[in-house]
Amino acid sequence: MNAEEAMLEFMGRPDYAPMKLEAIMEAIGGEKSDLRQMRKVIPGLIRSGAIAVKDRDLLMLPAGKMLPEGTILFRQSGSARVVFTPEPGQKSRDPVHIEAKDTGVALHGDKVVIKLNQTRRERDHEDWGTGTVVRVTKRALISLTGTLRRTRLVWFVVPDDPRISRDIVVRDPIRAGLKPVPKEEDKVVVRLDAWERRNMSPTGTVTEVLGVTHTPMAEYLAILRRYNLNPEFPQGVSSEANSFGSKVRADDLSGREDFREIPTITIDPDDAKDFDDALSVQRLPNGHLRFGIHIADVSHYVKTGSPLDTEAKERGNSTYLVGTVIPMLPHALSSGLCSLVEAENRLVKSVICEFSPDAKLVKTEFANSVISSRKRLTYKQAYAFLRGDTNEAIRALPAPPPHQTGSPGRPLAELTDAELDLIRAMITDLWSIGKVLRAERFRIGALDLDMKEIKIYCDKDGWADRTVVVEHDESHQLVEEFMLLANETVAKALDQAKIPHVCRVHDEPDPEKLQALRDQLAVDGLKVGDLTERKEMVKLLGLLKTREDGYTIRIQLLRSLKQACYRASPDGHFGLAKRHYSHFTSPIRRYADLLEHRIFDAYIAKQGVPSAPKDAPRSPGIGELVRACEHISITERNSSEAERDSVKIKLLELFEREVERKDKRPFEAMITEVKPHGLMVELTASQAYGLVHMSTLTDDYYRMNDAGTAMRGSRTGRVFMAGGTIQVTVDRVDRFKRQVDFRLYDERQPKVRPPDRRRA
């Protein structure tokens, strides 16, 4: 901490009284050289508003104008907002808006201290108003990625993140000794220097060349660097994973329940490369159905404190980028020995649930066991069985391309009628209970928040190839309900035994946000009840299914809810309407589930379950759990951001090709927002966002309605409103700003803008 920081910290103490600079420097133990330096700095701090003066020479912080440290989040326009993390037990502060000119030397994600720019009226009404960045206390970025360019005099890098609006001036990269030698339009990594003067550009040094910008490999490597992801594992970790071999050893089966003769299947997406859950079905003599929910026993191989465990904990989870995955565990385990591939012995943790003929859960058991999957099915294949397709039609279903999937097992065309009939009966039995579980879940108030999923597929060279809308049909719902059942059953058992564990928590939303949403809906002509009451939120979600603007409003509702996280206390899951809930079913890709498996072993050992390991691990202490939950919540958010970034890049890649097409293809789009400068739209087939600019609406002169929700043509009467659908073509793609512009697809549209359009 330098003298300036120490002085500001000292002045911020609750017991601080205004004093002279000399007294301040003596109190903080400053040297004479520090005093001389601060005499030079003080006038600038006063001018910026960082400090105030009383009685000519007594220094103090501006009364009532300093806020605690917050995180600055930029917009592409250059303006920003500062958000604050509340202290335990305290109400969260509203974000503070920062104009672009007042952001100082802050960059996106930095920790900053701000000064409030309040008017008297704002102070009287306790409104936080706007603010000015006083100083940066912690940089979020040490380095960044971007595109290398040059002028006649300097080299510079255009950052990939459009929220960083300043180019980075770099030292001559050709002299840096890098291989390959950097050249213009290369994607590079830049190590940032200290940036202290806003009137000068940030500077840095090129440290790595990733390839030609906007090519698949360069963009992939850039995501890895931005989010600190590494597809490679340390040698010791890989060696440990390889040491287990590719087959389950005979001595590993000792003491386990043997379910290998019970019909078992896996159901996963087309592009799944690791299979960590399987389902089995038994019909009992009393007419009951006995279902096994079998989860890969990763904890058998990944022991606490081992190199594998240390690396998995640091990663926190796998990250699924378009076309590839950055696994939490080495492939020898994630897609090998732990993956529940077809026709191989695999160690699992089993949750066994017995249901009566009237679909009542009558018995639950836990076990460590061994299974052998009869068939690896995709969701499409499972749905064909549910749909009642003939065996001939099922045999004809295409298998996923080898480069897009993990082990597919035997082709369906090779299965006998008896084998196909068995799978059909299993899936039918599973759905007979799954649909009841689903109906009951929504009956008690679970929120139906399912959104359509868009999958982007790549060709063998890594280029975005196509998008596919994934329908959340009965095959998805079947698997979902049994995974939810296992997660809840394990969590409930641990909670009732008062054993601390990793809980998946979704807190209730802030009433203020729900009221703001309610007010906005009222402006749009949709009156709803008190959304803090669950029944009213459920009613709203049901209503949205039949409204044209239902999808848009659903997005707004989702943004009003809190983000789920991990916590060492059973605080419930608001969205699922469950008091007890954990993550147990995906230990190959989530460290939370791996931790839960270890606690599960300690629990069943205490319960005297015969298949419990004889060397069951101890349950982690509460402090250890709290730290682990905080860490994996952070890694989860980091992975989510990386995954969204990957999707954006691949969509831009696809649409860039559309710009080059002579025969423009129309895309169906939903109008999500009407603005004075155009229509914000979302493509229904890819969920890509973009703008239809007013300048392209050349068939009429359009005016906004008073509510700001629609535009109407003065001559044609044509109306564009939020929630409506239109046909558009891709007009322009800006890879650097991450923006796509569209225009209406209308062959009758005149090429020349009407004269009165200029008066808009």
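So the values come out like this:
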item: Under the Karplus curve 6.51 cos²θ - 1.76 cosθ + 1.60, θ = phi - 60°, whole-Hz ³J(HN,Hα) for region 685-691, x wherever Gly or Pro sits; result: 8, 9, 6, 6, 9, x, 10
item: Length added when fully stretched, Arg197-Arg712, from 0.36 nm per residue minus Cα-Cα; result: 180.6 nm
item: Stretch gain in nm, segment Phe442-Thr725, where the contour uses 0.36 nm per residue and the Cα spacing is subtracted; result: 98.9 nm
item: Footprinting exposure proxy for Arg590, Arg175 (fewest neighbouring C-beta atoms within 10 Å first); result: Arg175, Arg590
item: Backbone N under 11 Å from the Asp473 label point (7 Å along Cα→Cβ), restricted to region 385-424; result: 385-389
item: Distance in nm between pseudo-label sites at Glu414 and Glu261 (7 Å out along the Cβ direction from Cα); result: 2.5
item: Over the chain: helical MRE at 222 nm, DSSP H runs n ≥ 4 each giving -39500 (n - 2.57), nearest 500; result: -9500 deg cm²/dmol
item: Rough spin-label spacing in nm, given labels placed 7 Å along Cα→Cβ, for Arg36 and Gln282; result: 8.6
item: Loop-located trypsin sites (Lys or Arg not before Pro) in region 621-730, at most 12 other Cβ atoms within 10 Å (DSSP); result: Arg661, Lys662, Arg715
item: Estimated FRET transfer efficiency (Leu58, Thr205; beta-carbon r; R0 45 Å; 0.05); result: 0.55
item: Diffusion constant of region 483-552 at 10 °C, which comes from Stokes-Einstein with the Kirkwood Cα-pair radius and 1.306 mPa s, µm²/s; result: 107
item: Kirkwood Rh and Cα Rg combined as Rg over Rh, evaluated for region 591-641; result: 1.11
item: Computed FRET value (nearest 0.05) for Ala605 with Trp463, which takes r as the C-beta separation and R₀ as 60 Å; result: 0.70
item: For Asn317, distant residues with modelled amide H under 5 Å away; result: Tyr591
item: Extension reserve of the Arg661-Lys380 stretch, reckoned as 0.36 nm per residue once the Cα distance is removed; result: 98.0 nm
item: Prolate/oblate/rounded call for the chain, Cα gyration tensor, a/c under 1.5 rounded; result: prolate
item: Size-normalised alpha-carbon gyration radius of region 143-226, reference 2.2 N^0.38 Å; result: 1.01
item: Exposure proxy order (Cβ contacts within 10 Å, fewest to most) of Thr428, Thr729; result: Thr428, Thr729
item: Alpha carbon Rg of region 3-60, scaled by the compact-globule rule 2.2 N^0.38 Å; result: 1.01
item: Principal-axis tilt of helix 511-523 within the chain, Cα atoms, nearest 10 degrees; result: 80
item: Ranking of Met11, Met694 by count of other Cβ atoms within 10 Å, fewest first; result: Met694, Met11
item: Projected area, mean over directions - region 511-561, Cα convex hull, nm²; result: 3.0
item: C-alpha long axis of helix 591-606 to longest principal axis of the chain, angle in °; result: 50
item: Whole-Å semi-axes of region 661-759's equivalent ellipsoid (Cα gyration tensor); result: 21, 16, 13
item: Cα-based reach from Lys115 at 25 Å (exclusive), listing lysines while leaving out same-chain residues under 8 positions away; result: Lys20, Lys40, Lys54, Lys65, Lys91, Lys101, Lys138
item: For region 342-384: span of alpha carbons on each principal axis (Å, largest first); result: 30, 30, 12
item: For the chain, share of DSSP beta bridges that run antiparallel, in % to the nearest 5; result: 90
item: Amide H within-cut-off set for Val281, under 5 Å, with H built and near neighbours excluded; result: Gly292
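Each reported figure results from applying straightforward, stated rules to the coordinates on display, with no laboratory input. Computed from a predicted model, the values in this text were never measured in an experiment. Positions of Cβ are generated from backbone atoms using ideal geometry, with glycine treated the same way; all protein chains shown enter the neighbour counts.
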